[in-house]
Amino acid sequence: VQLQASGGGLVQAGGSLSLSCRASGRTFSNNGVGWFRQAPGKEREFAASIDWRGGSTYYTDSVKGRFTISRHNAKNTVSLQMNSLKPEDTAVYYCAAGGGAARFVKMRSFYNYWGQGTLVTVSS
């Protein structure tokens, strides 16, 4: 499966952006999907994920209450709505798809497929 992330851009602090991850090649409706982000000079870190049914979502503490992940299996897409953005949210955001036990969703090794990344820049 190929993943295409889009929706990044430049936004002022306090603003909002919506990222989209679209799958092609085959459906990813049976996969958990996550968003990771990598800030300049830092390791890639987990941001949010959603299980294959859309019934369970997971967030890193720093984005809880501000980011919302959702999926639309009929459209083969997963969205990440980001509100109240902060300069520290600046990063390249990657979507990824994988499967396995839910306790591993925050680990990069859970995911088999990765998109190319989309840059989010939040100005202060």
For the chain, with every protein chain kept in place, what is the accessible area per residue (1.4 Å probe, Å²)?
51
For the residue pair His72 and Ser29, what label-to-label distance in nm results when each label sits 7 Å from Cα along the Cα-to-beta-carbon direction?
1.5
Formal net charge of residues neighbouring Lys64 (Cβ-Cβ distance under 15 Å; K, R +1; D, E -1)
0
Run the dipole for the chain about the Cα centre, Lys and Arg Cβ at +1, Asp and Glu Cβ at -1, nothing else charged, and hand back the magnitude in debye, nearest 20.
260
Quick check: net charge around Arg22, other residues with Cβ under 15 Å of its Cβ, Lys/Arg +1 and Asp/Glu -1?
+3
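The values are calculated or read from the model by the stated rules, or taken from the named source; none is laboratory data. Since the model is a prediction, treat every value here as computed from it, not as a measurement. Quick reminder, even Gly has a Cβ in these numbers, built from the backbone with ideal geometry, and neighbours come from all protein chains shown. Accessible surface areas use protein heavy atoms only, side chains included; no ligands, DNA or RNA. Shrake-Rupley method; radii C 1.70, N 1.55, O 1.52, S 1.80 Å.
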